[in-house]
Amino acid sequence: MKKRLKVITTIFLVALSAGCIAEDYDFTPPSVTLSSSDSSQSEKLTEANIKWTGENSKLEEKRIDDVLSYANEQEQLTFQSGQKIDLLFDSEDFMVEDLEAALWKDGTEQELPLDKQRSFTFPEEKGEYILVVELDADSGLAQYVGNIEIE
């Protein structure tokens with residue numbers, strides 16, 4: 001009886017630990033979504049410059065020379081003036097070291113302060129902007145852009 005219990009316990013523990021080992025991790029740069037705080041609106045940003053160490057230490061790189069022009073070519077995303085926005089990642093298998101967001105209008109940069117929940121508020125001034133989000137993580141650097149209209 002004791003021998004059977006040991007065998008059953010061993011099989012159970014091996015099966016349980018195998019489930020932990022088989023977890024699937026995503027080593028690609030995350031997608032970034034802008035979501036209104038009331039969750040009524042959700043828009044995905046476009047990847048721009050990427051230098052990210054992926055699975056098996058394989059480097060993933062993408063280089064855009066003129067980020068503002070590239071962002072301007074993207075589909076325009078419309079938000080309300082003064083709207084509070086959350087920055088969401090589709091995965092987070094990395095450690096965020098720094099995260100910054102800025103709006104560009106007519107060649108002038110306006111930093112968007114992020115709170116601890118990675119939220120910011122769009123300015124009250126209406127117009128067309130370029131949003132640039134820069135993620136510095138232990139896996140590398142990733143930059144995201146959006147062509148933004150604030151109504």
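The values are calculated or read from the model by the stated rules, or taken from the named source; none is laboratory data. Nothing here was measured: the structure is a model prediction, and the numbers come from that model. Glycine gets a Cβ as well: all are built from the backbone with ideal geometry, and neighbour counts include every protein chain shown. To get the accessible areas, we keep the full protein, side chains included, count just its heavy atoms, and leave off ligands, DNA and RNA. Shrake-Rupley method; radii C 1.70, N 1.55, O 1.52, S 1.80 Å.
General remarks:
- Tally, over the range 28-40, of residues that are more than 12 Å from the chain's Cα centre (by Cα), assigned to a loop (DSSP other than H, G, I, E, B) and in contact (Cβ under 8 Å) with a residue 40 or more places away in the chain: 1
- Candidate set from the range 136-146 (those that are touching a Phe, Trp or Tyr at 6+ places or on another chain (Cβ under 8 Å) and not β-branched (Val, Ile, Thr)); member that is surrounded by the most Cβ atoms within 10 Å (Cβ to Cβ): 142
- Residues of the range 78-97 satisfying the condition of being closer than 14 Å to residue 144 by Cα and either out of contact with any Ser or Thr (no Cβ under 8 Å at 6 or more places or on another chain) or open to solvent by less than 70 Å² (accessible area, probe 1.4 Å) (or both): 87, 89
- Per-region count, the range 98-135, residues at positive phi and open to solvent by 40 Å² or more (accessible area, probe 1.4 Å): 3
- In the range 122-142, the residues that are closer than 17 Å to residue 43 by Cβ and at pLDDT 95 or above form Cβ pairs under 7 Å with partners that are in a strand (DSSP E or B) and of a type in the set (Asp, Glu), at six or more places apart or across chains, as follows: 128/149.
- No other residue among 50, 64 is in contact (Cβ under 8 Å) with a residue 12 or more places away in the chain, in contact with a helix residue (DSSP H, G or I) (Cβ under 6 Å, 6 or more places away or on another chain) and open to solvent by less than 60 Å² (accessible area, probe 1.4 Å) apart from 64.
- Neighbours by Cβ (under 9 Å, 6+ apart or cross-chain): first from the range 101-117, closer than 17 Å to residue 72 by Cβ; second open to solvent by 90 Å² or more (accessible area, probe 1.4 Å) and modelled with pLDDT of 95 or more: 102/109; 102/111; 103/109; 103/111; 105/125; 105/128
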